[in-house]
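Chemist: I'd like to ask you about the structure that follows.
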Amino acid sequence: MTRPRVAVLDYGSGNLRSAVRAVERAGAEAELTHDATTAIEADGLLVPGVGAFEACMRGLEGVDGVRIVERRLIANRPVLGICVGMQILFAEGIEHGVRTEGCGELPGVVERLQAPIVPHMGWNTVEPGEGSRMFAGIEDERFYFVHSYGVRDWVLSQPPAMPAPVVTWTDYAGDRFVSAAEHGPLWATQFHPEKSGDAGSQLLKNWLATL
């Protein structure tokens, strides 16, 4: 059986090699690329991300990444965002008082966590939304987080054209934030599946099953 082809978008941010290896271990062929045609035509697109929201958006725009993501979603072609690769899919981010426009594919503002100790670093549980395909079989597992920012409020301004997104939450020291989202062909995780052992590998397999 032919393995699905996944493009890992190289825009200067993220644990690129570890993402490639994790996708390959999950059963796909993975290619690290900044070529728009390759990224648009692959069976799946993985958008990693580490660092500041503004810097990641600049890098994404530098490889025409906003258009790549938009083109894929319009064509119902799967996209998976990880960590800051998830955050830049939201409407905007606020860091140190600076507002930066995001891709706008998901509603919400990325802001600093309000927990007593930041960053949120280490293993934590998730609360999957009803009907989640992402967490099938791994609903009670723990995943690895490293972040200081997240989306702490989810409000849909109007009913979506497709079924409502499935939103997964995580609690960190009394502060709740969106730890994953599924909206048609768009999946995103605040945690790192590639650092989350067997549970993260199964999540990637669940994603590959949608390609």
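Chemist: Can you work out the accessible area per residue across region 26-131, with the rest of the protein chains kept in place, probe 1.4 Å, in square angstrom?
Modeler: In whole numbers, region 26-131 has 45 Å² accessible per residue.
Chemist: If you roll a 1.4 angstrom probe over the protein chains with everything in place, what fraction of the accessible area of region 102-211 belongs to carbon and sulfur, to the nearest %?
Modeler: With neighbouring chains kept in place, the figure for region 102-211 is 48 percent.
Chemist: Within region 48-87, list the residues whose amide N lies under 18 Å from a label point set 7 Å along Cα→Cβ of ARG17.
Modeler: From region 48-87, the list is 48-50.
Chemist: Name the long-range amide H neighbours of ALA91: under 5 Å, sequence gap of 5 or more, or other chain; modelled H, no Pro or chain starts.
Modeler: Distant-sequence amide H within range of ALA91: GLY104, LEU106, GLY108.
Chemist: What spacing in nm lies between the two simple spin-label points modelled at ALA91 and GLU29, each 7 Å away from Cα in the Cβ direction?
Modeler: Distance between the two pseudo-spin positions: 4.1 nm.
Chemist: Given a 10 angstrom Cα cut-off, can you work out which residue in PRO107, PRO78, PRO193 is the most mobile in a GNM of the chain?
Modeler: Among PRO107, PRO78, PRO193, the largest mean-square fluctuation in the Gaussian network model of the chain belongs to PRO107.
Chemist: Given N residues in region 98-186, what is its alpha carbon radius of gyration divided by 2.2 N^0.38 Å?
Modeler: 1.12
Chemist: Whole angstrom only: what separates the Cα centroid of region 1-46 from the Cα centroid of region 169-189?
Modeler: If you average the Cα positions of each part, the centres end up 22 Å apart.
Chemist: Still on this structure: If you put +1 on each Lys and Arg Cβ and -1 on each Asp and Glu Cβ, how big is the dipole of region 1-146 around its Cα centre, in Debye rounded to 20?
Modeler: 260
Chemist: While we're looking at this one, here's another question. Over the C-alpha atoms of the chain, what are the Rg and the largest Cα-to-Cα span, Dmax, in Å?
Modeler: In Å, with Rg to one decimal and Dmax whole: 15.6, 51.
Chemist: Assuming R0 = 25 Å, can you tell me the calculated FRET efficiency for the pair ALA209 and ALA75, based on Cβ-Cβ distance, to the nearest 0.05?
Modeler: With R0 = 25 Å, the Cβ-Cβ based efficiency is 0.85.
Chemist: Counting other Cβ atoms within 10 Å, which GluC sites (Glu not before Pro) in region 72-143 have at most 10 and lie in a DSSP loop?
Modeler: Filter output for region 72-143: GLU130.
Chemist: Given a Förster radius of 22 Å and the C-beta distance between THR2 and ARG67 as r, what FRET efficiency does 1/(1 + (r/R0)^6) yield to the nearest 0.05?
Modeler: Efficiency computed from Cβ-Cβ geometry: 0.20.
Chemist: Right, another one. In a GNM of the chain with a 10 Å cut-off on Cα contacts, which of GLY97, GLY150, GLY85 has the highest mean-square fluctuation?
Modeler: GLY97
The values are calculated or read from the model by the stated rules, or taken from the named source; none is laboratory data. Bear in mind the structure is a predicted one, so any value in this text is a computation, not a measurement. Virtual Cβ from ideal backbone geometry, glycine too; neighbours counted across all protein chains shown. Side chains are part of the model used for accessible areas, which takes the heavy atoms of the whole protein and leaves out ligands, DNA and RNA. Shrake-Rupley method; radii C 1.70, N 1.55, O 1.52, S 1.80 Å.
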